[in-house]
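Participant: To start, I am sharing the structure in question, which I have written as structure tokens.
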Amino acid sequence: MPTFQTYNVTPILPATLEPLREMSFNLWWTWEPAARRLFRHLDIELWNRTNHNPVRMLQLSRQSRLEELSQDKTFLRELKQVFEEFEKYLGRHDTYGKAGPGSAIKNPVAYFSAEFGFHESIPNYSGGLGILASDHCKSASDLDLNFVGVGLLYRHGYFRQQIDKEGVQEAINLNQNFYHLPIREVPRGDAKLLVSVPILDREVFAKVWELRVGRVNIYLLDTEVAQNSAEDRLITAELYGGDLEMRMRQEIVLGIGGVKALSALGISPDVFHMNEGHSAFLALERIRLNVTDKELDFYSALQVVAAANVFTTHTPVPAGNDSFPRDMMRKYFGGFAKEIGIPFDELFSFGQTRVDPNDPFSMTILALRLSRHANGVSKLHGDVTRSLWKNVWAGVPVHEVPITSITNGIHTKTWMAPEFSALYRKHLGTWEEHLTEPEFWRGVIDIPDTQLWETHQKLKLRLIEFVRERVRRQRQRLGESPESIRKANRILDPEVLTMGFARRFATYKRATLLFSDKERLKRLLSDTTRPVQFIFAGKAHPRDEAGKALIQEVYKLSREASFESRIVFLEDYDSYIARRLLQGVDLWLNYPLRPMEASGTSGMKAAPNGGINLSVLDGWWREGYNGNNGWAIGAEIDDGSVEFQNEVDASSLYQLLENQIIPLYYAKPDGKLPLAWLQLMRESIRSVTPVFNTQRMVKEYTERLYIPAAKSYENFSRDGCDAATQLSQWKSQIRKDWPQVQIFDVQISNKDRQNVLVGESLQ
């Protein structure tokens, strides 16, 4: 029998181009246009073919091309400049994290998330949660915060989407080669670092990969290793895949395995931040370590651990939170309960409200019970979350439930088109240094109308050309006629008001609200003097039949003769398509069923690119809308049936389009420019950009949650954790004695007075 050996043949990178390799393994390039320009210049066709992945690109580059560039003085000069900027970024010390309030964080903040969406070339995300997690990490890097991320590395990532001739979504699984990605295995001596996680009666091993994001490192766990059974290798195969037991195993590896990985790396965080409840088992593992290593009892260990925990919830409905039945929890954690010294039923109760003993084990409730710092992701979501989880603090008034809110943001430089960045630099200065200063952004008033409009129109034309190319490719794949393929060159018009709707296709996001009156819609699309056009994109979870039906409805309508040139559905939505859309549309649509949008961030990304928001008053837009920077759909209705809310919002949507938005866009007093629309663009940029960004957001997390958590953890963990033990004993005594507490009499001074002046005291 012949023996075969597989080899990867890669080109030799000339020494003068070595900085390209170093930068390719740091995601700084994802938000630095000059770095991306270098890689594009290397080979634009290869850049696109590798999904803008510089690591894979360097592996596939022709040796002759590399040799040619190694002698190109212009290219080498630009490479030197960009690499110096890269080194300067990494080496700065006059930063928020080194010289500002963030310097109070002595040991790292460990940020756990089930998904990260740093870039389209690393498909380790499904949607907004992963994008937000990545933007959080990028701003932590910009601020130079002492910060690490922890997650899972999925072999199949999240699926690629294809739409068939009938508009049915087909999920195409990836099979990623991690050696082609901008990540590296963490070494341990002559081998690679493995951590072991006990699951049932066996040890499951996970390899640790490192992803560099500017100054921040992200550690991702991967169970596809030779030491594991075929079954256990599948734990990190697919994001949100498999059955409930697979979800349990994934969350054990993420939470418990993540803590073990940090320990193996010699990282001792002062703060653990759980981005959603998927990683909440980390709190149980940290309690176990305090029980076994420091010989604390369970409740004393709980005080130490909870002091350092920060929990962010993103889901405004109970059904969106992971939960496990009692039998499954007993199967996986029965032995764990013995190890930490409490009965299983007592452990199980930490995942319940304790109102109904038949409730399943909720990961969100576990995270809330084992964290002293918790938040929602917008002001309205904070209100909704306090009401939703009030039974975790039974008897406490809703407004006193200890869940605050920190409104989400975006990593502005990732999402802002380089053309707009250059425009702001030209007229405002180094906007990156003044991102969170509202006064600085008043300077957009000085940008000339012509330059603002030309910049926007350039990006809009680029978007339309991109859409045409994607539709052309799709129709070729589907085997459509030459005439149908040629028609793709005529869809959309850069002179027409263009609206975008792109997000996960879940029913509450109401993608088809616009189709509630198709005849009215047809009139808007076919108006000969003031037409409109729409671009849709988004994926539905493979098991979400209702979401897939919405995609099919949008696609089928887009292929009807009356709508074909004015409505487009783009398949295979990812962060690259998102950037193209957000940087090119005139108007960004968002109309989820209120109050089910915890925050939303897509509209925040449109604003710095000159896009205007048309949204319901939910999530971030309830805070961002000021009456002059976009439009609000409907009223703040939280009562009534879904049908009633749909009817009210659809009516409002059409009225706004017909009576305000379309007339304003096409009003050109000088015959050339929509001057009133340009004023709206300026106000949107001015009001949204300095507030709704992750630089402001991460500073809020640091000053309001991380620093207090770090201080509490320090207090509870010093002197053999005496303070934690004393607090635990005091709470135990209070719980024991509380039934004996009685109120015999209440006396109020001046109780006959009807009016009390501000500042007066009552006793």
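Participant: In segment 605-659, how many are part of a strand (DSSP E or B) and among the β-branched types (Val, Ile, Thr)?
Facilitator: Summing the residues that are part of a strand (DSSP E or B) and among the β-branched types (Val, Ile, Thr) in segment 605-659 gives 3.
Participant: Select from segment 712-728 the residues that are in contact (Cβ under 8 Å) with a residue 60 or more places away in the chain and either touching a His at 6+ places or on another chain (Cβ under 7 Å) or of a type outside the set (A, V, I, L, M) (or both) and list them in ascending order.
Facilitator: Residues satisfying the conditions are 712, 713, 714, 715, 716, 717, 720, 721, 725, 728.
Participant: Given the criteria of a type in the set (S, T, N, Q), closer than 30 Å to residue 453 by Cβ and surrounded by fewer than 16 Cβ atoms within 10 Å (Cβ to Cβ), does residue 498 qualify?
Facilitator: The answer is no for residue 498.
Participant: List every residue pair whose Cβ atoms lie under 9 Å apart, where the two residues are 6 or more positions apart in sequence or sit on different chains, the first residue falls within segment 158-170 and is over 20 Å from residue 124 (Cα atoms) and free of Cβ contacts under 8 Å to residues at least 24 places away in the same chain, and the second residue, located anywhere, is not basic (Lys, Arg) and not in a strand (DSSP E or B).
Facilitator: Correct list of pairs: empty, since none qualify.
Participant: Just need a number here: residues in segment 146-170 that are under 26 Å from residue 276 (Cα atoms), among the small types (Gly, Ala, Ser) and modelled with pLDDT of 95 or more.
Facilitator: 2
Participant: Also: How do the pairs read when you match residues in segment 661-682 that are in the same structural domain as residue 423 (by TED's automatic domain parsing) with residues anywhere that are among the charged types (D, E, K, R) and in a helix (DSSP H, G or I), using Cβ under 7 Å and keeping only pairs 6 or more apart or on different chains?
Facilitator: 673/449; 675/449; 678/449
Participant: Next question. Evaluate the following for residue 77: is it in a loop (DSSP other than H, G, I, E, B) and modelled with pLDDT of 95 or more?
Facilitator: Here the answer is no, as residue 77 does not meet what is asked.
Participant: Of all residues in segment 409-467, which are in contact (Cβ under 8 Å) with a residue 24 or more places away in the chain and of a type in the set (Asp, Glu)?
Facilitator: 419, 437, 449
Participant: Can you tell me which residues in segment 171-192 are touching a Phe, Trp or Tyr at 6+ places or on another chain (Cβ under 9 Å) and either in contact (Cβ under 8 Å) with a residue 40 or more places away in the chain or among the polar types (S, T, N, Q) (or both)?
Facilitator: If the condition is that a residue be touching a Phe, Trp or Tyr at 6+ places or on another chain (Cβ under 9 Å) and either in contact (Cβ under 8 Å) with a residue 40 or more places away in the chain or among the polar types (S, T, N, Q) (or both), then 171, 173, 174, 176, 178, 181, 182, 183, 184, 186 are the ones that fit.
Participant: Shifting gears a bit: Given 404, 450, 412, which one is among the β-branched types (Val, Ile, Thr), farther than 30 Å from residue 598 by Cβ and modelled with pLDDT of 95 or more?
Facilitator: Of 404, 450, 412, the one residue that is among the β-branched types (Val, Ile, Thr), farther than 30 Å from residue 598 by Cβ and modelled with pLDDT of 95 or more is 450.
Yes/no per residue for (1) surrounded by fewer than 18 Cβ atoms within 10 Å (Cβ to Cβ); (2) in the same structural domain as residue 605 (by TED's automatic domain parsing); (3) more than 32 Å from the chain's Cα centre (by Cα):
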{"position": "20", "(1), (2), (3)": "no, no, no"}
{"position": "31", "(1), (2), (3)": "no, no, no"}
{"position": "37", "(1), (2), (3)": "yes, no, no"}
{"position": "42", "(1), (2), (3)": "no, no, no"}
{"position": "50", "(1), (2), (3)": "no, no, no"}
{"position": "53", "(1), (2), (3)": "no, no, no"}
{"position": "57", "(1), (2), (3)": "no, no, no"}
{"position": "67", "(1), (2), (3)": "yes, no, yes"}
{"position": "73", "(1), (2), (3)": "yes, no, yes"}
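Participant: Which residue, of 520, 530, 566, is more than 30 Å from the chain's Cα centre (by Cα) and within 25 Å of residue 641 (Cβ to Cβ)?
Facilitator: That would be 520, the only listed residue that is more than 30 Å from the chain's Cα centre (by Cα) and within 25 Å of residue 641 (Cβ to Cβ).
The values are calculated or read from the model by the stated rules, or taken from the named source; none is laboratory data. Just so it is clear, the structure is predicted and the values come from calculations on it, not from any experiment. Note that each Cβ is placed from the backbone with ideal geometry, even for glycine, and that neighbours are counted across all protein chains shown.
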